[in-house]
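Each remark here refers to the structure printed beneath this line.
The values are calculated or read from the model by the stated rules, or taken from the named source; none is laboratory data. Everything numeric in this text was worked out from a predicted model, so none of it was measured. Neighbour counts run over all protein chains shown; Cβ positions are idealised from the backbone, glycine included.
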Amino acid sequence: MATQPHNSLRILFVDDESSLQEFMRLEMPRLGHQVTVCQDGTTALQALKTATFDAAILDLRMPDMTGIDVLEKLKQVSPDTEAVIMTGYASKETAVEALRLGAFDYITKPCRIVEIEGILIRILERRKLKNKNLALQTRVQAAEGSTGLIGHSPTMDVVHRVIETVAPTDSTVLITGETGSGKDVVARTIYQKSRRADMPFVPVNCGALSPTLVESELFGHRKGAFTGADRDHKGLFEVANGGTLFLDELGELNKNIQVKLLRFLESGEVRRLGDTESIRCNVRVICATNRDLHKMIQADEFREDLMYRLNTFEIQLPPLRERREDLPQLAKHLLARSAKRTPEQVANLLKPETIDAMLDYEWPGNVRELANAMEYAYIVAGGQEIGVGHLPANVRLKRSKIPFAQPLADQNSPMILQMPGAANTRTLHDIEMEHILRVLEKNNRNKPATAAELGISLKTLYNKLNRWEEQRKTAG
């Protein structure tokens, strides 16, 4: 084709003049469009049963039925198809009737190719405007509901670098990570940094789709394809044409749908249920899953060829507990969102001991759980300074039980450190832990400050404390 698929129209041309039929067969491909030519209304209605069209050019006067008759049937089965009535018998009444029934425009014979081209350009512009409106809606939703990709811990720096590399391309991306870790935010960030940012971003939660309707939702269906299909339905691949389709919870798709997804990735074509012809769609696919696809392949639950086709670029998003350095900034960002204020305006609402308590918690629900905790704390605190007591009970009461060195009753006496193992066998590790615990106590158990003073990452500090806690329990 001369143009990209999202700048191309699938056209149904219906006219009983053989010279016009041949003319359209030659000229429409030259303009970059696909055309199906029918000699009468009956043939056109048959074509509508087996294929989908973006535009229909209908002659008003035909032997078996009028263009108005075809228009009425067209709008019943395919309301998104833009119709143009063409006739040599111009009348204001006919034009008004055609427009009332949903025609896009009205053209009189004899017509020049430049006139037809002008109408098709306007149909394309309307389609692009619809797509831009959809893109704007998804951007607004992202601005209101997304946390933004916050954090510059070492693991997140890797994520940022991969995003900057892959976003300008059209490569397929697979995002892996635990539930609530922000995979949707990564997908939106890739979209916003891509060349498709002014086209639709269509997110799909595959796990929320009904197993019986998932194929119809993704690929569309023709009227009568199954019980209850009383009209044509455009699938989400078509909705995303020119833009980005985000398939979240990819591992929930059954193998039948996996085959169709693989076919699209290899050919760029989808076929509606009940259709005999495929539709080309220019769509970038981004996928995400919290499941181990390699284990699913071994269990014969996921296609290996699809896995290799999807993970051209794989982004592994770390859980929140593995990037605790980011938690203070992320918590303030989420708190600002709940308070509908800027991060600077809420920067002093979180007490140091509150941040410390949050750093002690494992956050099994990841960023999503942190967002809920910040909303809860802000409401309980009445919009004022947030203490530990304002946090949700599961965060307050299930903090990691890291034992700290306890001072003697006399505050001036030296600190006694209870180390695991035999009292008279101090290893290099024991000495290192004594030093870490002293610095931790010196900093009032503030772990970020402790890690900074020790010259290690916060993650390393947590790993050391956790290993020491395990040794203490074993010895205990």
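What to note about this one:
- Inside region 275-308, residues that are touching a residue at least 60 places away in the same chain (Cβ under 8 Å) and in a loop (DSSP other than H, G, I, E, B) make up a count of 6.
- Helices (runs of 4 or more DSSP H) completely within region 340-451 that count 1 or more residues being modelled with pLDDT under 85: 393-397, 428-442
- Scanning region 226-249 for residues that are in a helix (DSSP H, G or I) and either β-branched (Val, Ile, Thr) or at pLDDT 95 or above (or both) gives a single hit, Val239.
- Unique residue being farther than 24 Å from Leu149 by Cα and surrounded by 17 or more Cβ atoms within 10 Å (Cβ to Cβ) when the list is His333, His390: His390
- Only residues that are modelled with pLDDT under 90 and basic (Lys, Arg) were counted in region 167-210, giving 0.
- Residue count for region 162-206, restricted to those that are charged (D, E, K, R) and in a loop (DSSP other than H, G, I, E, B): 6
- Qualifying residues in region 199-213 (those that are of a type outside the set (Val, Ile, Thr) and touching a helix residue (DSSP H, G or I) at 6+ places or on another chain (Cβ under 6 Å)) - the one farthest from Gly180 (Cα to Cα): Met199
- In region 253-260 there is at least one residue that is part of a loop (DSSP other than H, G, I, E, B), within 18 Å of Gly235 (Cβ to Cβ) and among the aliphatic types (A, V, I, L, M).
- Count - residues of region 264-274 that are assigned to a helix (DSSP H, G or I) and either in contact with a helix residue (DSSP H, G or I) (Cβ under 6 Å, 6 or more places away or on another chain) or crowded, with 16+ Cβ neighbours inside 10 Å (or both): 2
- Restricting Leu310, Leu327, Leu306, Leu265 to those that are farther than 18 Å from Gly220 by Cβ, hydrophobic (A, V, I, L, M, F, W, C) and in contact with a Ser or Thr (Cβ under 7 Å, 6 or more places away or on another chain) reduces the list to Leu310.
- Within region 207-219, if we keep just the residues that are out of contact with any strand residue (DSSP E or B) (no Cβ under 6 Å at 6 or more places or on another chain) and either closer than 23 Å to Asp170 by Cβ or of a type in the set (A, V, I, L, M) (or both), the residue that is surrounded by the most Cβ atoms within 10 Å (Cβ to Cβ) turns out to be Leu218.
- Sub-7 Å Cβ pairs linking a first residue in region 236-247 that is under 20 Å from Lys183 (Cα atoms) and in contact (Cβ under 8 Å) with a residue 24 or more places away in the chain to a second residue that is among the basic types (Lys, Arg) and not in a strand (DSSP E or B), at least 6 apart or interchain, are Gly243/Arg196; Thr244/Arg196, ordered by first then second residue.
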